[in-house]
Amino acid sequence: MRWLAGLLALAIAGAACSSGTAAGRTAPSHVPAAAARAASPTAAPAPAPTPPLPPYFVESLRARAYPGGKLEIGDAMARGQGYTKYHVSWPSGGQTMTGTISLPDGAGPFPVAVVEHGFIPPERYWIGQDSGIFGDPMAAHGFISVAPNWPGYSGSGPAPGDLPRIVGQTVTALDLVSSLGSLPRADTGRVAFVGHSNGGGISQIAMVVDPRVRAVVLHGPVSSDMADNARKWWLQRPESLAGLGTPDSNPEGYRHLSPRTYFQSGQPPVLIIQGTADHTIPADWTNATYAALQQQGIESRLMWVDGADHDFVGANLDSAVAAQEAWLRHALKM
């Protein structure tokens, strides 16, 4: 009996050991294939490259370099009261641009007025047309007045082919501003833009692109919404568009070219002068530009010259130029 009890005890002990071994064994795990693939790290897809903005967008013009170069003073053209007027040239985009410069007597440095003429067909344009009447009186009063001949005008090279005409004209003007550093008599910290008609459009683009422009005077300027100008003039001259298209086919392009879109506080003070009898520029355009300047907190003034047409003459011209000089002296803190 003792033998049978011992045999039974051994059997019970063996069963207990076998049960403990089974409890301690780890069962193999099985991960579904789909879950394994989901858990595996994968490379993130590369973002698609951002296409470059069109070169005529204000954003592109702000990012563009304006290296300019040496301002070359050429032959004397005329002697005025307290100043001498010369031919002048400077580099822009691999081309030579031409214009006039009226230099006050003395060593300076003198503030600078860049005077942009209005639209005149190249075959009818003569050097200094529609710019000397605004610039030369300034030279007589201690300002350097420099007036570009637009690209393709009177010896100036062609503008960049990928830019609308008004943008190419602005680019050459900003290269001119860069070139002023080579003229010791120029106070490059006091640069103003004065523009008549289409030259007013150039001046508006320049003021929202380049912070070196410290004051602006616009005489009967084109609209600050470039779609207005396209519908009234540019679509009749498709060569001036350089791929810009129509306002209806490319509304975003026109929005990004329009200075009105980019008016903002801190930009230079602006004086607008327009005749009440202007038959070229609608008064509604000018009122809209002035309202946009005011809305953005830009120091600005709108002056109506009673009875004056688009081209200022006689006493009306004298009044406009006197107001222009007073504004520039105020804005440039002279």
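In summary, the aspartates and glutamates within cross-link reach of residue 232, defined as a Cα separation below 16 angstrom excluding same-chain residues under 8 places away, comprise 248, 278, 284. Among the listed options (i) 27, 54, 18, 1; (ii) 29, 45, 6, 6, 6, 6, 3, 0; (iii) 21, 30, 24, 17, 6, 1, the one matching P(r) over Cα pairs in 20 Å bins from 0, in percent as calculated from these coordinates is (ii). Each Lys or Arg adds one and each Asp or Glu subtracts one; over the other residues with Cβ under 11 Å from the Cβ of residue 285, this totals -2. Scoring 209-216, 95-102 by mean Cβ neighbours within 10 Å over their residues and listing the highest first yields 95-102, 209-216.
Straightening the chain between residue 84 and residue 182 buys 33.4 nm, computed as 0.36 nm per residue apart minus the Cα-Cα spacing. Helix-only arithmetic for the chain: the sum of -39500 (n - 2.57) across DSSP H runs with n ≥ 4, divided by the residue total, places the mean residue ellipticity at 222 nm at -10500 deg cm²/dmol. For the chain, the membrane-span-like helices by this rule, meaning whole DSSP H stretches whose C-alpha atoms cover at least 15 Å of axis and whose Kyte-Doolittle mean is 0.0 or above, are 2-24, 165-179, 198-209; this says nothing about an actual membrane. Karplus-based coupling profile of segment 260-277, in residue order and whole Hz: 4, 5, 10, 4, 7, 4, x, 6, x, x, 10, 10, 10, 10, 9, x, 5, 10, with θ = phi - 60° in 6.51 cos²θ - 1.76 cosθ + 1.60 and x standing for Gly or Pro.
Highest mean packing first, where packing is the average number of other Cβ atoms within 10 Å per residue, the peptides 234-247, 193-206 line up as 193-206, 234-247.
With a sphere of radius 14 Å drawn around the Cβ of residue 147, what net charge do the other residues whose Cβ falls strictly inside it have (Lys, Arg +1; Asp, Glu -1)? So the environment of residue 147 carries a net charge of -2. Rounded to 0.05, the FRET efficiency of the residue 315 and residue 287 pair, given R0 = 25 Å and the Cβ-Cβ distance, is 0.55.
Placing pseudo-labels 7 Å out from each Cα toward the beta carbon at residue 322 and residue 53 gives an inter-label distance of 4.3 nm. Dipole size of the chain about its Cα centre, with +1 on Lys/Arg Cβ and -1 on Asp/Glu Cβ: approximately 1880 debye, rounded to the nearest 20. Remark: the Cα gyration tensor places segment 200-285 in the oblate category, a/c being 1.5 or greater and a/b not exceeding b/c. Of all DSSP beta bridges confined to segment 69-331, the antiparallel ones make up roughly 45%. For residue 157, the residues whose amide H sits under 5 Å from its own are 96, 97, 98, 152, ignoring neighbours fewer than 5 places away on the same chain, with H placed 1.01 Å from N. Based on the alpha-carbon gyration tensor of segment 257-334 and its eigenvalue square roots a ≥ b ≥ c, which shape applies: rounded if a/c is under 1.5, prolate if not and a/b is larger than b/c, or oblate? Oblate. Between the amide H of residue 303 and those of 272, 273, 274, distances stay under 5 Å, these residues lying 5 or more places away or on another chain, with hydrogens modeled in the peptide plane.
None of the figures in this text is laboratory data; all of them are computed from the coordinates on show. Bear in mind the structure is a predicted one, so any value in this text is a computation, not a measurement. Every residue, glycine as well, gets a Cβ built from its backbone with ideal geometry; the counts of neighbours run over all protein chains shown.
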